[in-house]
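Trainee: One structure is given below, represented as structure tokens, and several questions about it will come after.
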Amino acid sequence: MITKRFAVYKSLEYDFDTIQEIPDGEDDFLLKGYVRVSEIEEVTFTPRNEEETRTAAVESIEAKKGEIISDFSEKILKWDEKKRQLLALTGPTASTDDDIPF
């Protein structure tokens, strides 16, 4: 577990707030151009395992890739079905030159 201390500061020049880490033992920490507008709060972080994070990111990418491939495959199947339907349509055919009207 990692514990850090933070406080909110407001800019003296702009309508802008920022959260800044407060170094240990420096409760009167000053930030040039800002005034502290909150009490110091301690926040505890749980470090992430880099390998687990990387594995989860790769799995997420692969899942999204699978969704995209599946969606695209469905579209191709629909287009192929429309193509088969168009090719199955029968239309006038000319069996000899005499059947051609011009």
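Any read-out appearing in this document is the output of simple, stated calculations on the displayed coordinates, not a laboratory observation. Predicted model only: the values in this text are computed from it and were never measured. Neighbour counts run over all protein chains shown; Cβ positions are idealised from the backbone, glycine included.
Trainee: Please work out the FRET efficiency for the pair Met1 and Ser73, using the Cβ-Cβ distance as r and a Förster radius of 41 Å; give the result to the nearest 0.05.
Mentor: Step by step, r from the Cβ atoms, then E = 0.35.
Trainee: Starting from the Cα of Lys83, draw a straight line to each of the aspartates and glutamates and keep only those under 18 Å, dropping any in the same chain fewer than 8 residues away.
Mentor: Straight-line reach from Lys83, under 18 Å: Glu74.
Trainee: List the lysines whose Cα sits under 28 Å from the Cα of Lys32, skipping any in the same chain fewer than 8 residues away.
Mentor: Excluding near neighbours in sequence, the set is Lys4, Lys10.
Trainee: Also, quick follow-up: Which value at 222 nm does the chain reach when only helices count, each DSSP H run of 4 or more adding -39,500 (n - 2.57), with the total divided by all residues and rounded to the nearest 500 deg cm²/dmol?
Mentor: Per the formula, -14000 deg cm²/dmol.
Trainee: Still on this structure: Treating cross-link reach as a plain straight distance, find the lysines whose alpha-carbon is under 29 Å from the alpha-carbon of Lys82, omitting any fewer than eight places away in the same chain.
Mentor: Answer for Lys82, where 29 Å is the Cα cut-off: Lys64, Lys65, listed by chain and number.
Trainee: Considering the convex hull of the alpha carbon atoms of segment 20-59, report its projected area averaged over all viewing directions, in nm², one decimal.
Mentor: For segment 20-59, averaging the hull's shadow over all directions gives 4.8 nm².
Trainee: If you average 1/r over all unlike Cα pairs in segment 2-45 and invert the result, what Kirkwood radius do you get in angstrom? Show your work: numbers first, answer last.
Mentor: Numbers: mean 1/r = 0.0926 Å⁻¹.
That comes to 10.8 Å for segment 2-45.
Trainee: How compact is segment 48-87 by the rule of thumb for globular proteins, expressed as Cα Rg over 2.2 N^0.38 Å?
Mentor: Dividing the Cα Rg of segment 48-87 by 2.2 N^0.38 Å gives 1.95.
Trainee: Let me ask another. Can you work out the base-10 log of I(q)/I(0) for the chain at q = 0.15, 0.17 1/Å, using the Debye formula on its C-alpha atoms alone?
Mentor: Computed log10 I(q)/I(0) values: -0.85, -0.92.
Trainee: Moving on to the next point. Under 8 Å for C-alpha pairs, at least 6 residues apart: give me the relative contact order for the chain, rounded to a whole percent.
Mentor: Computed over the chain, the figure is 24 percent.
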